[in-house]
Amino acid sequence: MHLTSSSHLNQAAQLNNLARSLLSRFEQLGTLEDLHKSVAMQRQAVGLTSDDNPEKSAWLNNLGGSLLKRFQQLNTIEDLQESVAVREHALRLTPDGHPEKASHLNNLGSSLGTRFEQLSTLGDLHQAVIMREQALGLTPDDHPEKATRLINLGGALLRRFQHLSTIEDLHRSVVLQEQAVDLTADSHSSKASRMHNLGGALLARFKQLGTMEDLHRSVKIHDQAVSITPDSHADKAAQLDDFGGSVLARFQQLNIMEDLQRSVAVREQALGLTPDDHPDKASRLNNLGTSLMRRFEQLSNMEDLHRSVLVREQALGLTPNGHPDRASRLNNLGNSLITRFEQLRIIEDLHQAIDLQEQAVGLTPYTHPETPARLLNLGNSLVIKFHQFHDIMVYRQAEVFYTRAACSTVGPPAVRFNCACNWAYLSTAMGESPMPAYQVALGLLPDLAWLGMSISDRHRNLIEAVDVGRATAEAAIMENQPEQALEWLEQGRSVIWGQLLNLRTPIDLLQDKYPQHAAELLSLSAQLEASGMRSTMESSPSPQLIANQAFQAAQQRQELLTHIRQLSGFERFLLPKTISELSAAAQEGPVVTVNVTPHNFDALVLIPSLDSEVLHIPLGEHKEEIQSAMNASIALESLVGRNIRLNLIKEGQITTEEQFKAMLSGLWVGIVKPVLDGLALNMPTSPENKPHIWWCLNGPLTFLPIHAAGIHDNNQPIGSNISDYVVSSYTPSLAALIEGYRTGRGLKQSLQILAVVQPNAVGQQHIPGTRKEIKHIERIALANEIPVVALNEDMATISRVQEEMKKCQWAHFACHGVQDVNNPTESALLLAGSSHLTLSNIIELALPHADFAFLSACQTATGDRKLREESVHLAAGMLSAGYRSVIATMWTIRDDDAPEVAKDVYEYLLKESSPDSTKAAEALHFAIQKLRKGPNGKSFLNWVPYIHLGV
């Protein structure tokens, strides 16, 4: 270089080439002097070159890259500003069609994105996305930079989501980054980096939507990225830090202590690899503080809490005013301090925590996805302050923050739901109506159980919301609005079944008026219905591809529904039913919904003669009896909740009989008799002329045999139990009952009965009574010239059974049933060999010709206590699949009783020339009365488990 005259034509080119060599040496050895010389020489080269020189744009672009790299080392904002300026200049000099156009667009996007990270100017973020979109659009699929530009655009979209909460940006970020990883060979030097970025996008989507498949993939991908990155690599600290974030998130879901300990360990390691002058030092201090605080919450080690405060203080001290992460670090330090206050009661910690959290809220734009969480934290701290100083104005401040968060349109639905519940609690405590707050909470249920998620994820997300429908209804009842209460109860109950019903609802009117909208809606609904069970798919070419497609379909369907509801006559299209629509559930008899909360007990009754009105029957006078019955049901679970059809009377049955008697007496006195009196059903009726009543139970009542309520002492006079007055059925929701009436049809000419028998399921007790049961059905059907498709033992494979369920209108299962308490959708009927016809298998079926099912197996109507509003059991699955009428069992049944009950039911149903499944409840009532008169009928365990659901 010293031999080259300043006037030489090649001087600029030589300067540029030497600068690139110095930059490469810096990237290998980290010598800052090389970086400084590289920047100086590139500036010289650019200064010596006129704009009309075809090399000028490339040299400007290179200078911008070196300046950006120096900023990342030294955090000098002037370098960043100059990087943007020279790359904008480079782009202006690059004509369309130039082979480097895409590269210059992409690189300008990098500089703009980095400037946004420092200055929070949203225009920079939008421009970064636009530049990278254009760069990707100009990049052929076989271009070596394709993967880089995919990952860059994905990163820009993720950052924009993190500030504007646009879900579409989040989904696209995941999809683009997955494509980038797939295009990157395992031997490629950027493989770990791209995996790391994808893991971050998946974790962000999990935090927004609660999709466990995203969380598990995030942990796996981050772990792989860490394992293939040498300790000396510049990215190692970032990968360790983010891996710690993923395993921490998994700990918070699954409570695996190893995950928590690993989160702390890898974040300690990440911090140790980060120099004091590194731009990410503050971030890693902050993140370690998060993991330490979570460990304190589990192990109560004060050292963890003190360190959490310390490292978060250090993180905040390194974060200047105006930095986009300052609000986050203010909020997090406030969280650590409020936690320490609760332990040590140091008032200064309380005041400082609230001050920091107020600053955080003030710095957070309303569109930021963290807005609800920061408002929630501030509200929680103010509630703690109220309990310390008893200043009612502090309580009101907290209520304001909860309200703002709950009504926000951004942020995770779970956070907003939590805020709505807190708002309702404070409103009640201050003597105000909680109805507005509960209405917001109820409206968030569809977001908690978003259609783009798997059904298992939706169930998991609804666990925390299990009581909101009942609380909302209670508030409406207290304000003398029983119709509103019933609407809200329906909205908060059986959410998943309601979604499936919604996806399958006929849309004839829309097809007539807007056939294109109807076709699109049907296509999206079918796609979502199929993808909902993806977590149980045994084999799939790409589970993540299916998940991404489901996310996109759910978003498109919601946008389409929003558009349809703007059309005249479709304003309430597929929205929750109003009371005028719900009244159709009572077309054949009263439907009684019983609402139980810790404070109130009420029955809300739909009656055929009362159009759009609800009869409210208060049950508060009998609170003790109802509570006693609920307590007895919990005590009985261990004795009756087996998975096998019994051959013998069990040990401990005498104790069980007494508990049953007390429970059924409490139900009679506390619920059934007041309801019958309210309906003026106060005279026992003849066996041939009993009215039909439906029970729609919720909360802890879901597990109670209200159909057997009564005083069951010896020689008790007629009129002392429910069966003297009515025939009882259940329904998981009013919508399910309405759907059963809608799909009613005559079936005489084409009626076939599918009879499935499996007495020898692998690993289960032999149940010979099942063979006898099927023989009874075949004999009775033959006498009435009704064909039976019998699938015995090895013939009863899942595929064959499902095939015949599509052909036969009635289905009878005589086999073992199992309830999976850990994964309710895997509860199953046991078929050939070791095969299981699971609830998830049944949900996938759509059977337009289905009519009646008899599940003569144990626990086929047993739900999950954690999801008591969701009716997650096999019988409800049958209703969802299309069966209008189902006989099932709440608990264990006896193998020698089951054949007799089945025989009597089918004799009753088939005695008429036109078999009618709507008489199934009467048939079961008759069969149970007969069983009770026999030698086995004295025991509650023998007859109480049998129930009827549907029309």
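The values are calculated or read from the model by the stated rules, or taken from the named source; none is laboratory data. Fair warning: this is a prediction, and the values are worked out from it, not measured in the lab. Every residue, glycine among them, receives a Cβ derived from its backbone with ideal geometry; neighbour counts consider all protein chains shown. Remember, those area values only see protein heavy atoms, side chains included, never the ligands or the DNA or RNA. Shrake-Rupley method; radii C 1.70, N 1.55, O 1.52, S 1.80 Å.
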> If exposed GluC sites (Glu not before Pro) are those in a DSSP loop with at most 10 other Cβ within 10 Å, what is the longest stretch of the chain that has none?
Replying inline: 1-537
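If you keep only loop residues by DSSP, which chymotrypsin sites (Phe, Trp or Tyr not before Pro) in segment 307-389 have at most 14 other Cβ atoms within 10 Å of their Cβ? Can you show the working numbers first?
On the way: sites: PHE341, TYR366, PHE386, PHE389; in loops: TYR366.
Hits after loop and neighbour filter: TYR366.
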>> So the label point goes 7 Å from the Cα of GLU268 along Cα→C-beta, right? Which residues of segment 223-241 then have their backbone N under 18 Å from it?
In response: 237-238, 240-241
> In the chain, what percent of the accessible surface is made up of carbon and sulfur (1.4 Å probe, ligands and nucleic acids excluded)?
Replying inline: 51 percent
>> Give the residue list of trypsin sites (Lys or Arg not before Pro) in segment 307-383 that are DSSP loop and have at most 14 other beta-carbon atoms within 10 angstrom.
In response: ARG345
> In nm, to one decimal, how far is the ASP141 label point from the LYS661 one, both placed 7 Å along Cα→Cβ?
Replying inline: 7.6 nm
> Can you give the accessible area per residue of segment 211-259, in Å², using a 1.4 Å probe?
Replying inline: 42 Å²
> Relative to the first principal axis of the alpha-carbon coordinates of the chain, what is the inclination of helix 302-317, with its axis defined by its Cα atoms, in degrees from 0 to 90 and to the nearest 10?
Replying inline: 40 degrees
>> Probe radius 1.4 Å, ligands and nucleic acids left out: which of LYS623, LYS938, LYS220 has the largest accessible area, and how do the rest follow?
In response: LYS938, LYS220, LYS623
> At a probe size of 1.4 Å, how large is the accessible area of SER568, to the nearest 10 Å²?
Replying inline: 90 Å²
> What is the calculated FRET efficiency for ASP276 to VAL400, with r their C-beta to C-beta distance and R₀ = 35 Å, to the nearest 0.05?
Replying inline: 0.30
> If R0 is 41 Å, what FRET efficiency do you get for LEU509 and GLU621 from their C-beta distance, rounded to 0.05?
Replying inline: 0.30
> Which value, in Å² and to the nearest 10, is the accessible area of THR274 when all protein chains are kept and the probe is 1.4 Å?
Replying inline: 10 Å²
> The list (1) 191; (2) 262; (3) 243 gives values of volume of the Cα convex hull per residue in Å³, and only one came from this structure; which label was calculated from it?
Replying inline: (1)
>> Students often forget the sequence filter, so: which lysines lie under 17 Å Cα-Cα from LYS690 once same-chain residues fewer than 8 apart are removed?
In response: LYS673, LYS919, LYS930
> Between GLN73 and ALA519, what length in nm is gained on full extension when 0.36 nm per residue of separation is reduced by their alpha carbon distance?
Replying inline: 155.0 nm
>> Taking 0.36 nm per residue of sequence separation and subtracting the Cα-Cα distance, how much length would be gained by fully extending the chain between ALA526 and ASN714, in nm to one decimal?
In response: 62.1 nm
> Looking at the chain, what % of its DSSP beta bridges pair antiparallel, to the nearest 5?
Replying inline: 45 percent
> Which whole-number percent is the relative contact order of segment 220-334 (Cα, under 8 Å, 6+ apart)?
Replying inline: 19 percent
> Which whole-number value in Å² is the accessible area per residue of segment 353-419, probe 1.4 Å?
Replying inline: 41 Å²
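Students often get this wrong, so check it: of LYS772/LYS807; LYS37/LYS101; LYS220/LYS806; LYS385/LYS623; LYS37/LYS220; LYS807/LYS933, which have C-alpha atoms separated by over 30 Å?
LYS220/LYS806; LYS385/LYS623; LYS37/LYS220; LYS807/LYS933
Accessible area per residue for segment 17-125 in Å², computed with a 1.4 Å probe and the full protein assembly in place, what is it?
46 Å²
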> Over the chain, what relative contact order in percent results from Cα pairs under 8 Å that are six or more residues apart?
Replying inline: 6 percent
> Taking the Cα centre of segment 70-140 as origin and charging only Cβ (+1 Lys, Arg; -1 Asp, Glu), how large is the dipole, in debye to the nearest 20?
Replying inline: 100 debye
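Mind giving me the FRET efficiency for GLN343 and ILE392? R0 is 22 Å, r the Cβ-Cβ distance, nearest 0.05 is fine.
0.25
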> Over segment 112-220, what is the relative contact order in whole percent, taking alpha-carbon pairs under 8 Å and six or more residues apart?
Replying inline: 18 percent
>> Using the Kirkwood formula on the Cα atoms of segment 85-133, what hydrodynamic radius do you get, in angstrom to one decimal?
In response: 10.8 Å
>> What distance in nm separates the two pseudo spin-label positions at LYS933 and ARG92, each 7 Å out from Cα along the beta-carbon direction?
In response: 10.0 nm
> When we measure straight from the Cα of LYS146, which aspartates and glutamates land under 20 angstrom away, once same-chain ones fewer than 8 places off are left out?
Replying inline: ASP96, GLU100, GLU133, ASP169, GLU178, ASP182, ASP186
> What figure in square angstrom, to the nearest 10, would you give for the accessible area of TRP668 with a 1.4 Å probe?
Replying inline: 20 Å²
> With +1 on each Lys and Arg Cβ and -1 on each Asp and Glu Cβ, how big is the dipole of segment 354-507 about its Cα centre, in debye rounded to the nearest 20?
Replying inline: 360 debye
>> Once you place label points 7 Å from the Cα toward the Cβ at GLU168 and SER189, how far apart are they in nm?
In response: 3.8 nm
> Using the alpha-carbon atoms, what tilt in degrees (0 to 90, nearest 10) does helix 392-406 show relative to the longest principal axis of the chain?
Replying inline: 90 degrees
> In square nanometres, what is one fourth of the surface area of the convex hull spanned by the alpha carbons of segment 668-764?
Replying inline: 11.1 nm²
>> Using 0.36 nm times the number of residues separating GLU479 and HIS563, minus their current alpha carbon distance, what extension gain do you get?
In response: 26.8 nm
